[in-house]
Amino acid sequence: MADSIAESEKRGLGPRQFDLDRCVHCGLCLNACPTYRELGVEMDSPRGRVYQMVQVAGGAPITPSYIEHIDLCLACRGCETACPSGVPYGRMVEDARAEIEAQRHRGWLADRVRRFIFGHLLQSRSWMSAAGAMLYVYQVSGLKALVRAMASMKMLGGLGDLAQLTPSAEVPFFFRNVGKTFPAEGPRRYRVAFLAGCIANVAFARLNEATIRVLQKNGCDVVLPDGQGCCGALHLHSGLAGEARKLARRNVDAILDGGFDAIITNAAGCGSTLKEYGELLDDGRGRRFAALMRDVTEFLAAIDLNRNMRPVDAVVTYQDSCHLAHGQKVRTAPRKLLAAVPGLTFREMPGADICCGSAGIYNVVQTEMSMQVLASKMKSVNATSAGIIATANPGCMLQLRAGVRLHGADQRVMHVVEVLDEAYRG
Ligand code: SF4
Ligand code: SF4
């Protein structure tokens, strides 16, 4: 971690002047910003945050108020899509956080917990498996159900919302598949590498398996290269650029020389960072890796899709994952795939590309605002009367499942590839 600070210092901390200069203060981004929509406060809008970054770049001190407004940003990048001046807000908020991080003084315990999560838990298969095992005991012992029941009765105060967000441990964990190759069904058309993520190995093992099945159905040999690991997105969003670079290097070295047609992820949040490895590592290998990266929906929508599916009789709405829609500019691919499923009725929700409040670990560290954003999102979902909420990012799935428990109408929350998998399997 100390290493990461040193790395950041080498790059120069804080948003770059040429990025800051792009903002013309027009305000066209305001309505795309979830925190501005909820609070109506200029300093919690993209324009207001850029204004504060400009002040700090000009020599103003980093105050608790500045940290609070930057921390409250979801880094959803909705403002980037709305901005006519091409302000690269996502990069700017990452730089602002790296600068804050270098100066922030946490308590001893908070610092140790953070070091453990970013330096060990997310990076190590054994630590993640141990955490998954504890989570499994928590859910099979009935404790999880009890805690959630108490949360529903408002007996846990603010902790109740956190209880709704706890993922489930899905046994067997997906780690056992890393290092294996899953052959194409029928003639092989592509050879792809699949990145299984970090937390997803424990909490989305079945989604990863569904992703492999769908790729196999579409003529892909699916390889899970050994040596792959966490993509570094959570580190980067938390101001730990040096640590993220170390993880990026590990993935590039494990995968790039395998001769793959594409490198696939089913997690939009990870994909967004994986596609930025060129910039993060600032070398040719990083750029070649980034050029091969595809979100699974993007990959499937671009090939001749296997249409041998059975009907899925359901009304489905789609929640854009911010890092897919705004970060990667992938919007039509998931909708195109859903439209290809026979029997399925697609119903667009209002404001589908406004964040659901998940945003990496935002819902854990800014739970109150996250829940407020989620409540607004669920109003849009419920207006569609859809029985399935499809999305393209595991983090959004967790958040939307909490939304269904708190404000929903018993909807199923599925990844787009799980809808396809269901159609293929009948
Ligand atoms: S990234 Fe999202 S929350 Fe942050 S300023 Fe932009 S729109 Fe608002
Ligand atoms: S970030 Fe873009 S849209 Fe927002 S005020 Fe600045 S120039 Fe206008």
Practice problem: Would you mind checking which residues have amide H under 5 Å from MET293's amide H? H placed 1.01 Å from N; only 5 or more apart, or other chain. | Solution: ILE263
Quiz item: Out of ALA244, ALA196, ASN218, whose Cα points farthest toward the positive end of the dipole of the range 183-313 (charges: +1 Lys, Arg; -1 Asp, Glu; placed on Cβ)?
Solution: ASN218
Quiz prompt | Interchain or long-range residues, amide H under 5 Å from PHE182's placed H | solution = VAL222, VAL223, LEU224
Exercise. Answer with one residue from VAL296, GLY59, GLY232: the one whose Cα lies farthest towards the positive end of the charge dipole of the chain, charges on Cβ with Lys, Arg +1 and Asp, Glu -1.
Key: VAL296
Quiz item: Can you give the relative contact order of the range 65-220 as a percent, counting alpha carbon pairs under 8 Å and 6+ residues apart?
Solution: 18 percent
Exercise. At a 1.4 Å probe radius, which order do HIS323, HIS120, HIS235 fall into by accessible area, largest first?
Key: HIS120, HIS323, HIS235
Exercise. Rank by packing, highest mean first: peptides 73-83, 272-282, with packing defined as the count of other Cβ atoms within 10 Å averaged across residues.
Key: 73-83, 272-282
Quiz item: Using Cα-only point scatterers and the Debye equation, what is log10 of I(q)/I(0) for the range 25-149 at each q in 0.21 Å⁻¹, rounded to two decimals?
Solution: -1.09
Quiz prompt | Burial order of peptide ranges 312-322, 54-64 (average beta-carbon count within 10 Å, highest first) | solution = 312-322, 54-64
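Treat every Asp and Glu Cβ in the range 367-426 as -1 and every Lys and Arg Cβ as +1, leave all other atoms uncharged, and give the resulting dipole magnitude about the Cα centre to the nearest 20 debye.
Roughly 120 debye for the range 367-426.
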Exercise. Please work out whether the range 290-426 counts as rounded, prolate or oblate from its C-alpha gyration tensor, where a ≥ b ≥ c are the square roots of the eigenvalues and a/c under 1.5 means rounded, while otherwise a/b larger than b/c means prolate and anything else oblate?
Key: oblate
Quiz prompt | Alpha carbon centroid spacing (whole Å) that separates the range 294-335 from the range 12-89 | solution = 30 Å
Quiz item: In the chain, which Cys residues have no partner Cys with a Cβ closer than 4.7 Å?
Solution: CYS23, CYS26, CYS33, CYS73, CYS83, CYS220, CYS356, CYS396
Quiz item: Quick one: Karplus J couplings for the range 101-114, per residue in order, coefficients 6.51, -1.76, 1.60, θ = phi - 60°, nearest Hz, x for Gly and Pro?
Solution: 4, 5, 10, 6, 10, 9, x, 4, 5, 4, 5, 5, 4, 4
Exercise. Rounded to whole Hz and in sequence order, give me ³J(HN,Hα) for the range 156-163 from the Karplus expression 6.51 cos²θ - 1.76 cosθ + 1.60, θ = phi - 60°, writing x for Gly and Pro.
Key: 10, x, x, 5, x, 5, 4, 4
Quiz item: If you find the alpha carbon centre of the range 219-291 and of the range 97-146, how far apart are they in angstrom?
Solution: 22 Å
Quiz item: How large is log10 I(q)/I(0) at q = 0.10, 0.11, 0.13 Å⁻¹ when the Debye formula is applied to the Cα atoms of the chain, each weighted equally and without solvent?
Solution: -0.69, -0.85, -1.22
Quiz item: Over the range 173-287, how many percent of alpha carbon pairs lie in each 5 Å bin up to the one with the longest distance?
Solution: 2, 12, 22, 24, 20, 12, 6, 2, 0, 0
Quiz item: For the range 330-344, in order, what is each residue's ³J(HN,Hα) by Karplus, 6.51 cos²θ - 1.76 cosθ + 1.60 with θ = phi - 60°, in whole Hz (x at glycine and Pro)?
Solution: 9, 10, 7, 4, x, 5, 5, 5, 5, 5, 7, 7, x, x, 7
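Got the relative contact order for the chain handy, in percent, Cα pairs under 8 Å and 6 or more residues apart?
15 percent
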Quiz prompt | Nearest-20 debye value, the range 86-156 charge dipole, Cβ charges on Lys, Arg, Asp, Glu | solution = 280 debye
Exercise. For the range 84-222, give the percent of accessible area contributed by carbon and sulfur heavy atoms, probe 1.4 Å, rounded to a whole number.
Key: 62 percent
Exercise. Please name whichever of TYR362, ASN306, GLY278 sits farthest to the positive end of the charge dipole of the chain, dipole taken about the Cα centre and charges placed at Cβ: Lys and Arg +1, Asp and Glu -1.
Key: ASN306
Quiz item: Suppose every K and R has +1 on its Cβ and every D and E has -1 on its Cβ; what is the size of the dipole of the chain about the Cα centre, in Debye to the nearest 20?
Solution: 760 debye
Quiz item: Taking a ≥ b ≥ c as the square roots of the eigenvalues of the Cα gyration tensor of the range 246-343, is the shape rounded (a/c under 1.5), prolate (a/b larger than b/c) or oblate?
Solution: prolate
Quiz prompt | Of LYS144/LYS329; LYS144/LYS336; LYS275/LYS377; LYS154/LYS377; LYS154/LYS246; LYS180/LYS275, pairs whose Cα-Cα distance is over 31 Å | solution = LYS144/LYS329; LYS144/LYS336; LYS154/LYS246
Quiz item: Quick one: accessible area per residue over the chain, 1.4 Å probe, rounded to a whole number of Å²?
Solution: 41 Å²
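The values are calculated or read from the model by the stated rules, or taken from the named source; none is laboratory data. Computed from a predicted model, the values in this text were never measured in an experiment. Because the Cβ atoms are built from the backbone with ideal geometry, glycine has one as well, and the counts that use them run over all protein chains shown. All accessible areas refer to the heavy atoms of the entire protein, side chains included, with ligands and DNA or RNA removed. Shrake-Rupley method; radii C 1.70, N 1.55, O 1.52, S 1.80 Å.
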